[in-house]
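Here the structure comes first, spelled out in structure tokens, and everything after it is commentary.
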Amino acid sequence: MKLEWTKNMTKRALTYIVSGAGILLIYFLLASRRELSGAFDYALALLRPFSIAFIIAYILNGPMMFFEKRFSFIEKKRPLPALKRVLAIVAAWISAVAVFALFFAIIIPDVSESINTLVGNIPGYYEELKTFVLEIAEKYELETEAIDPLLNFKITADGIMELVKRYSSQLLPQIANIANISVKIGSFVMDFVLAIIISVYFMFSKETLIAQLKKALYAVFGKKFTGGAVRVARESHRIFSGFINGKLLDSLIMGILCFIGTSIFGFEYSLLISFIVGVTNIIPFFGPFIGAVPCVLILLMVDFWQAFWFAIFVFALQQLDGNVIGPKILGDSTGLPALWVMAAIIIGGDMFGIIGMFIGVPVFAVIYKFAKEIFEHLLKRKNMPQETDAYKVIKGKKEKDEIEKGENAL
């Protein structure tokens, strides 16, 4: 009997071949995961300067566009877009360097002085702590055996040298790690220098680079996919730029207000504390609590009541920020509910640390926005209500009548 080869059999054969090839590919990937991990790390190392350059160019894009508009007089007599862009890039870099120079010239020395003073006063604070503990123990007739090591320990230069000698044998094996860290620091410095150069090219040719990317996407994926990708990119840029710029401005205002308040109330180390509050305020939601803890601990070493009143002051300041200043500056730049903000901070922080806690919110905002659009589009196709309120339990009913109407219309 002659076997006839049909089109359906061809499809089945191709399915089996593709499935088998996929299984073999997964097997080889799992078997060679170490080599793949090394190759992936190598690829990341190669792309690191470009990633840093993209971040620098993205941050400086706003100032560059600002200065480019101010240099429009250059084109009055003769169109010179390249000259205008070059001048805008130079002005943006000069502004960034000036801001960092001002920061390091004014803020850092005072913060360093506060830290040095704090470290120098630690022995005195320690003696005050021991006196306080002894007074409490005598007042309430408590046993002091458990706290004898605390009472007998003395912070002196000899004591510190003794600790160094005691643990030096454990530190010697770490020399190799220190050397590796030095090599990594040197590599990062080189990558950063390269990134600065590459970022200038990104800023100068950003329109051409974007056009080339869109051209490649249109050629490979077509109009529908590329149009959607461009819309996602534009919306992501709007959310990211609005959130990052607004949060930085909000944190700067909080740091200034904290410095004014701590100076008026006479708290010790006001500049150091304000610096900590301003920097940690960049982290959404949890930032105020993260910043308040070390500040309260610093003031506890000085005076209990200073720490107590500062805790009340910083709580009131954060309420002002959360209810007045923050909403005025940020508005609804993310559109993310509070629960998802917390989830974004926790997941982002667990994956990428402090940077993840900051970047996680706008990333989740982008995902949330487009997931919402997709779900609402699917509900619309099923003739079902798109508003969330329609699915809430109201007076014992599981859903509103509109849902049943939509189901009946299918």
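Each reported figure results from applying straightforward, stated rules to the coordinates on display, with no laboratory input. The model shown is predicted, which means the values in this text are computed figures rather than measured ones. All Cβ positions, even for glycine, are placed from backbone atoms using ideal geometry, and neighbour counts span all protein chains on display.
Assorted remarks:
- Here the convex hull built on the C-alpha positions of segment 190-231 has a volume of 83 cubic angstrom per residue.
- Charge tally around K328: other residues with Cβ under 11 Å, Lys/Arg +1 each, Asp/Glu -1 each, net -2.
- Cα convex hull of segment 215-259, projected area averaged across orientations, nm²: 3.5
- Separation of the alpha carbons by more than 32 angstrom is noted, of K247/K372; K214/K380; K223/K369; K84/K184, for K84/K184.
- Long-range tail of P(r) for segment 198-308 (Cα pairs > 20 Å, %): 60
- Label point distance in nm, A137-A101, each placed 7 Å from Cα along Cα→Cβ: 5.6
- Taken over the alpha carbons of segment 253-317 as equal point scatterers, the Debye sum produces base-10 log I(q)/I(0) values at 0.23 Å⁻¹ of -0.88.
- Sequence-separation-based contact order of segment 306-394, relative, with Cα cut under 8 Å and 6+ spacing, percent: 18
- Rg of the Cα atoms in segment 285-324, relative to 2.2 N^0.38 Å, amounts to 1.17.
- Counted charge near E68, where neighbours are those whose Cβ lies closer than 10 Å (Asp, Glu -1; Lys, Arg +1): +4
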